[in-house]
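This report concerns only the one structure given below.
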Amino acid sequence: MKPRHAALAVLVAAIWGVNFVAIKIGLQNFPPLLFSGLRFLVAAVPALFFVGKPKVAWKWVVAVGLVLGVAKFGFVFTGMYAGMPAGLSSLVLQSQAIFTVVFAAVLLRERPRRTQLVGIGVASVGIVVIALDYGVGSPLSAFLLVIAGAACWGLANVITRRAQSPDALNFIVWVSAVAVLPLFGLSLLMEGVDRDLAALEAFDWSGAATLGFVAWISTLLGFGLWGHLLREYDASTVAPFSLLVPVAGMLSAWLVLGEELTVLRCTAALLVIAGMASTAIRPSAGRSGRDERQPVGSAVGEQV
């Protein structure tokens, strides 16, 4: 990879890591489901006029919109609102690689490789360590909500692979558009009209800044740059840079929010990242005889 492209990949990973801090701050201004719906509304509305019509069947757009846009982000935002720290959320969410391998095995009949099984085991140990560490004096439900979000992301990865969209940015913009109304509807039902109106009436520069970051910088710019890199290089070259996301997330949460970085949490992070790396290792095309452009777990590049 050329140095300037490697720098872009690191930049995207940093953006997606810092995005967890922006979400945590934004949740001080909005209820989680409303915030998630606003994020997709702000990201999708201007972009729809530039990306053209969906380039895959509507069934795939709707399926990923509901599983990724509504379920994954609904769970993650709600979990973070319930108390899950931003840094740990950026790390725990990477367990999506585990769920992707599992769903691919069940739904696509893809047999997990030995390295993937080893990676799943190592990453699972890291997740258990985080659960035990976080569960002391903290709501376990918040942790489980983020895990549920990771499971939805894994399922969305498998659906996205089946969709095989030729234009990743076009696909994610339409997926974002599909998620808007269901999230607003769920917010009205679960968070209440009064609470939503109060949040909108109190809209200030802090809310605008965090909303702008998660919608335009993280979603459109981040995914646009990631898609550009995937057009220049195969996914096995680009995907490993996503391992930097939890590093950036935990460091930025420590610097900005004062979240604690203990030896136990750093050890758990190393286990999860090592496990994720193992699930992404692929045999060479010559050995496998298959298309290696899209390793398991990298189908949907966007983090949060």
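The values are calculated or read from the model by the stated rules, or taken from the named source; none is laboratory data. This structure is a prediction, so every number in the text was calculated from the model and none was measured. Here the Cβ positions follow ideal geometry from the backbone for every residue, glycine too, while neighbour counts run over all protein chains shown. With ligands, DNA and RNA removed, areas are computed over all heavy atoms of the protein, side chains included. Shrake-Rupley method; radii C 1.70, N 1.55, O 1.52, S 1.80 Å.
Laid out as a table, the results:
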read-out: Local net charge near T78, Cβ-Cβ under 15 Å (Lys/Arg +1, Asp/Glu -1); value: +2
read-out: Heavy-atom accessible surface of the chain: percent carbon and sulfur, 1.4 Å; value: 69
read-out: Lysines with Cα under 29 Å of K55, excluding same-chain neighbours fewer than 8 positions away; value: K72
read-out: Mean Cβ neighbour count within 10 Å, used as a protection proxy, ranking 36-47, 211-222, 2-13 highest first; value: 36-47, 211-222, 2-13
read-out: Calculated diffusion of the range 190-262, Stokes-Einstein form, Kirkwood radius summed over Cα pairs, 10 °C and 1.306 mPa s, µm²/s; value: 103
read-out: The range 72-173: trypsin sites (Lys or Arg not before Pro) falling in loop per DSSP and having at most 10 other Cβ within 10 Å; value: R109
read-out: Sequence of D194, D234 when ordered by accessible area, the most exposed leading, probe 1.4 angstrom; value: D194, D234
read-out: Backbone HN-Hα couplings from phi across the range 255-260 [Karplus 6.51/-1.76/1.60, Hz, Gly and Pro as x]; value: 6, 8, 9, x, 5, 6
read-out: Pairwise Cα inverse-distance average, inverted: Kirkwood Rh of the range 43-187 (Å); value: 16.3
read-out: Among A198, A63, A156, residue whose mean-square fluctuation peaks in a GNM of the chain (springs only between Cα atoms under 10 Å); value: A198
read-out: Cα-centre dipole for the chain with unit charges at Cβ (Lys and Arg positive, Asp and Glu negative), debye to 20; value: 1260
read-out: Accessible area (Å², per residue) of the chain, counting only protein heavy atoms and a probe of 1.4 Å; value: 44
read-out: Relative compactness, the range 139-249, computed as alpha-carbon Rg over 2.2 N^0.38 Å; value: 1.29
read-out: Pairwise Cα inverse-distance average, inverted: Kirkwood Rh of the chain (Å); value: 19.3
